């Protein structure tokens, strides 16, 4: 949306306001190509569809391929329910091979979220599955949380955020608090 006014100073008191609205496309595709010293060559893509099955469901898919890391994710969000509640289903797969360690992580989850001007609430149920393998007897770095082998967990979590802002458009003073439980 673009909002503009007539720039003629003689019309300043009764100048018309011009509003131009452009509809957002239902589908969007984005891509990237690059190189980093940490990950090597990179190829990435995002796909979004804002009206799946003509039911206002929102689908997002992402794929990132590096020489050392591969990542993919899918998310399907339902339209807001009464009370501005948004339910979604998501899943992801990530594989990282670095310094003799091969780590595969999978995640599948359900989420319910609610947002207002003053607070956000998210409740989720997540299933995690990880597999860490040592290649040729390599030792995991000291900051590695996952020990060699396969691991899984079912985690119920919640996040509540509060914020106070003096002006939503041009904030000068703000305070926020976030509580996370898992």
Here the residues within the stretch 76-91 that are under 21 Å from residue 31 (Cα atoms) and surrounded by fewer than 16 Cβ atoms within 10 Å (Cβ to Cβ) are 91
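Within the stretch 109-116, identify whether any single residue is part of a loop (DSSP other than H, G, I, E, B), in contact with a strand residue (DSSP E or B) (Cβ under 7 Å, 6 or more places away or on another chain), surrounded by 15 or more Cβ atoms within 10 Å (Cβ to Cβ) and free of Cβ contacts under 8 Å to residues at least 40 places away in the same chain, and answer yes or no. Quick ask: steps written out before the conclusion?
Of the residues in the stretch 109-116, the ones part of a loop (DSSP other than H, G, I, E, B) are 116.
Keeping just the survivors that are in contact with a strand residue (DSSP E or B) (Cβ under 7 Å, 6 or more places away or on another chain) gives none.
No, there is no match, as no residue in the stretch 109-116 is part of a loop (DSSP other than H, G, I, E, B), in contact with a strand residue (DSSP E or B) (Cβ under 7 Å, 6 or more places away or on another chain), surrounded by 15 or more Cβ atoms within 10 Å (Cβ to Cβ) and free of Cβ contacts under 8 Å to residues at least 40 places away in the same chain.
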Which of the residues spanning the stretch 139-152 are surrounded by 10 or more Cβ atoms within 10 Å (Cβ to Cβ) and closer than 16 Å to residue 182 by Cβ?
151, 152
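Only one of 135, 101 is over 22 Å from residue 30 (Cβ atoms) and either buried (at least 16 other Cβ atoms within 10 Å of the Cβ) or in contact with a helix residue (DSSP H, G or I) (Cβ under 8 Å, 6 or more places away or on another chain) (or both); which? Working first, answer last.
Details: 135 fails: either buried (at least 16 other Cβ atoms within 10 Å of the Cβ) or in contact with a helix residue (DSSP H, G or I) (Cβ under 8 Å, 6 or more places away or on another chain) (or both).
On inspection, the qualifying residue turns out to be 101.
Evaluate the stretch 1-23: report whether one residue or more is in contact (Cβ under 8 Å) with a residue 12 or more places away in the chain and under 21 Å from residue 78 (Cβ atoms). Even if it seems obvious, please write down each step before you answer.
Let us first name the residues in the stretch 1-23 that are in contact (Cβ under 8 Å) with a residue 12 or more places away in the chain, namely 1-6, 17-22.
Those left that are additionally under 21 Å from residue 78 (Cβ atoms): none.
No - not one qualifying residue is present in the stretch 1-23.
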Within the stretch 1-46, which strands (runs of 3 or more DSSP E) (wholly inside it) include 2 or more residues that are in contact with a strand residue (DSSP E or B) (Cβ under 9 Å, 6 or more places away or on another chain) and modelled with pLDDT of 95 or more?
27-36
Given (1) in a strand (DSSP E or B); (2) closer than 30 Å to residue 53 by Cβ, number of the condition residue 79 does not satisfy:
(1)
What number of residues in the stretch 9-58 are surrounded by fewer than 10 Cβ atoms within 10 Å (Cβ to Cβ) and under 30 Å from residue 87 (Cβ atoms)?
7
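Which residue, of 156, 93, is touching a strand residue (DSSP E or B) at 6+ places or on another chain (Cβ under 7 Å), under 28 Å from residue 55 (Cα atoms) and not in a loop (DSSP other than H, G, I, E, B)?
Details: 156 fails: under 28 Å from residue 55 (Cα atoms).
Among 156, 93, only 93 is touching a strand residue (DSSP E or B) at 6+ places or on another chain (Cβ under 7 Å), under 28 Å from residue 55 (Cα atoms) and not in a loop (DSSP other than H, G, I, E, B).
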On the basis of being surrounded by 14 or more Cβ atoms within 10 Å (Cβ to Cβ), assigned to a strand (DSSP E or B) and in contact with a strand residue (DSSP E or B) (Cβ under 6 Å, 6 or more places away or on another chain), does residue 73 make the cut?
yes
Among what's in the stretch 117-140 and is in contact (Cβ under 8 Å) with a residue 40 or more places away in the chain and assigned to a loop (DSSP other than H, G, I, E, B), pick the residue that is nearest to residue 159 (Cα to Cα).
118
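The values are calculated or read from the model by the stated rules, or taken from the named source; none is laboratory data. The structure presented is a predicted model; accordingly, all values stated were derived computationally and were not measured. FYI the Cβ positions are ideal-geometry reconstructions off the backbone, even for glycines, and counts take in every protein chain you see.
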